[in-house]
Amino acid sequence: MKSNKQNGISDPASYISMIHVEPDCIDHPVTREILARAGNIPVEVISEDNHRMPDLGFYPKSLTAGKRHLLLGKNRGRFFKPCPGTKEYICCDYQVLNIGMNCPMDCVYCILQAYLNNPYLSFFVNVEDMLGELTEAFTQNPDRFWRIGTGEFTDSLALDQLTGLSRVLVQFMQSKKSAVLELKTKTDVVGNLEGLDHGGRTVVAWSLNSPVIVAREELRTASLDQRLAAAAKCASWGYKLAFHFDPIIYHSGWQDGYAETIERLFATVPKENIAWISMGCLRYLPALKKIAGQRFPNSRFFHEEFIEGLDGKARYFRTLRVEMYQFLYQQLKQFADPATCIYLCMENNEIWQEVFGFTPDDRGGLPVMLDEAVNGRE
């Protein structure tokens with residue numbers, strides 16, 4: 001696996017220093033494939049007696065060490081669930097496909113620091129059960145259109161050089177006209193996507209931010225240029241694309257920073273390939289501020305003024321959120337294709353009206369807007 005890059009490493013999977021395997025997974029074909037790709041990374045089969053991972057010290061400092069340890073196991077629950085949105089804000093009816101937990105990259109604002117109950121990376125090798133769940137859902141709901149993402153509890157491509165899962169999912173989705181898969185990432189690890197017959201059923205997506213936020217707050221991620229170059233490659237392979245300005249973070253020079261990112265985006269990527277672009281201001285569980293403060297004491301954006309939102313998360317004041325959304329929207333409108341759906345993530349109708357001059361209900365609802373944005377480009 002390759003390494004070397006500005007912010008840390010080029011392939012986040014190369015950050016892993018130990019692979020742990022649950023006893024009943026050691027002979028699974030997916031496990032064998034991963035271990036064959038792992039090269040010289042040490043492998044440990046967890047004891048049958050206690051199934052315990054190594055002690056990495058006190059939480060939250062153990063989060064840093066945990067990002068070097070990958071556990072290969074089985075998902076013994078459900079893979080496929082609705083996105084855990086909240087009724088207080090407008091949700092896009094996204095469906096989460098849980099391929100594993102945690103991420104080898106280290107974004108200061110990452111909500112997983114306050115959400116997960118252990119520090120390790122994990123990947124679920126029982127992929128056959130995952131595909132079975134998807135097949136069952138599609139069969140039982142033949143009239144429904146599904147937008148599915150793997151990037152809720154991990155980065156979709158951060159471990160892809162090891163797992164090869166993207167190829168399996170893209171090829172599985174290729175013929176599924178009632179669904180689309182979104183692979184969301186902060187990496188440039190897209191090599192496995194080349195040469196696949198994706199059938200227009202996969203959207204490859206990147207989280208973007210102001211250059212200074214990418215450099216200071218998104219550790220071991222691909223640089224902005226690397227992300228955009230990877231997006232351009234995927235466009236050349238015929239994939240639809242998406243981009244997420246989330247979290248938008250208030251900082252000195254934020255207008256110039258976000259304007260620069262947007263200009264570089266459209267200078268690199270063909271606008272007609274972009275299905276949707278989301279905007280969402282920084283919001284976080286109250287516990288995250290303390291955890292991130294201990295792990296990243298030099299970070300300053302948590303010191304701004306916040307209020308408690310209806311979902312219990314800390315948010316910027318409404319006036320600042322609207323100001324930031326309006327600025328980014330005006331910048332995006334200068335370049336975006338009219339067919340691209342630009343939308344807000346987890347905001348209410350009043351904010352939508354102030355930013356866009358309409359609410360989702362005026363256009364059939366946010367799920368309909370997104371479905372049309374991807375299906376109208378076939």
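A short reminder: the numbers here are calculations on the coordinates, not readings from a lab. Keep in mind that this is a model prediction, so the values were computed, not measured. Cβ placement follows ideal geometry from the backbone for every residue including glycine, while neighbour counts extend to all protein chains displayed.
Condition check ((1) outside any loop (DSSP other than H, G, I, E, B); (2) among the acidic types (D, E)) across all residues:
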position	(1), (2)
H251	no, no
G257	yes, no
E260	yes, yes
R264	yes, no
A267	yes, no
E272	yes, yes
I277	yes, no
G280	yes, no
A287	yes, no
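Total residues in region 344-360 satisfying the condition of being surrounded by 14 or more Cβ atoms within 10 Å (Cβ to Cβ) and part of a loop (DSSP other than H, G, I, E, B): the figure is 5. Checking E260, E217 one by one, the residue that is under 18 Å from A114 (Cβ atoms) and acidic (D, E) is E217 and no other. Answer yes or no as to whether A231 is assigned to a helix (DSSP H, G or I) and surrounded by 16 or more Cβ atoms within 10 Å (Cβ to Cβ). Yes, satisfied. Looking only at residues that are touching a strand residue (DSSP E or B) at 6+ places or on another chain (Cβ under 7 Å) and of a type in the set (S, T, Y) in region 87-146, which one is nearest to M346 (Cα to Cα)? Result: Y94.
When region 201-224 is filtered for residues that are within 21 Å of N273 (Cα to Cα), outside any loop (DSSP other than H, G, I, E, B), free of Cβ contacts under 8 Å to residues at least 60 places away in the same chain and of a type in the set (A, V, I, L, M), the ones remaining, listed by number, are V204, A205, L224.
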